1. At a threshold of 8 angstrom on Cα-Cα distance, excluding pairs fewer than six apart, so keeping six or more, what relative contact order does region 81-138 reach in percent?
2. With the crude spin-label approximation of a point 7 Å out along Cα→Cβ, what separation in nm comes out for Tyr35 versus Asp47?
3. Provide, for q = 0.13, 0.26 Å⁻¹, the log10 of I(q)/I(0) from a solvent-free Debye sum over equal Cα point scatterers in region 57-103.
4. Could you check how much of the accessible area of region 56-150 is carbon and sulfur, as a whole percent, using a 1.4 Å probe?
5. If ligands, DNA and RNA are left out, what is the accessible area of Thr135 with a 1.4 Å probe, given in Å² to the nearest 10?
6. Find the accessible area per residue for region 86-130; the probe is 1.4 Å, ligands and nucleic acids are left out, and the unit is Å².
7. With the calculation restricted to Cα positions, what are the radius of gyration and Dmax of region 23-94 in angstrom?
8. For Glu67, Glu94, Glu76, give the ranking by accessible area with the largest first, probe 1.4 Å.
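The values are calculated or read from the model by the stated rules, or taken from the named source; none is laboratory data. Note that the structure is a prediction, hence the values are computed from the model and not measured. So basically every Cβ, Gly included, is an ideal-geometry build from the backbone, and we count neighbours across all protein chains shown. All accessible areas refer to the heavy atoms of the entire protein, side chains included, with ligands and DNA or RNA removed. Shrake-Rupley method; radii C 1.70, N 1.55, O 1.52, S 1.80 Å.
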Amino acid sequence: MSRVAVFYLAILFAGASPVFAQDLPPANKSTSITYVDQAPVLDGILDDAIWSQAAVVDDFHQVRPVEYSDPTQRTEFLLAYDRDHLYVGARIFEENPRRVTAKILRQGESLGTDDRIGIILDPFRNKRSGFFFLTNPNSIRREGIIKGEN
């Protein structure tokens, strides 16, 4: 069974830019994103100075096999932004790397059978429309627009 880690963001692009994490019972979680003056090098290595300044989100829950259970593996998202961009880094820990599923090798393909990580941006805060960005361990990217009532 593949695993997926998705971080739901509702970003307000005015003022202080608060971020609301995925709704969890009984209350919503929130964090503030760090503003940075310099962009990181986008090479997949989180050693640039901005990543040490970035907001860290690591209090996730697991959905499968038991919804809202404590995670069996640790995941950290690092968040920062500048005037024009949102920067999202992730550290995904796996005790047994042989369990990682990564078979998809073609850009834009469905990643439903692979382990994957992604974010969903909800800039209108309506939980019905936005944008999603996914990647698998092979760096295959998938993105799209979410619209509708679900």
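1. Working: 51 pairs, mean separation 16.2, N = 58.
Result for region 81-138 is 28 percent.
2. Modelled inter-label distance: 3.0 nm.
3. One equal scatterer on each Cα of region 57-103 leads to -0.43, -1.01.
4. On the way: 3240 of 6600 Å².
Of all accessible area on region 56-150, carbon and sulfur atoms account for 49 percent.
5. Thr135 has an accessible surface of roughly 50 Å² with all protein chains in place.
6. 67
7. Values for region 23-94 (Cα only, Rg and Dmax): 14.1, 41 Å.
8. Numbers: Glu67 110, Glu94 45, Glu76 25 Å².
Result of the area sort, largest leading: Glu67, Glu94, Glu76.
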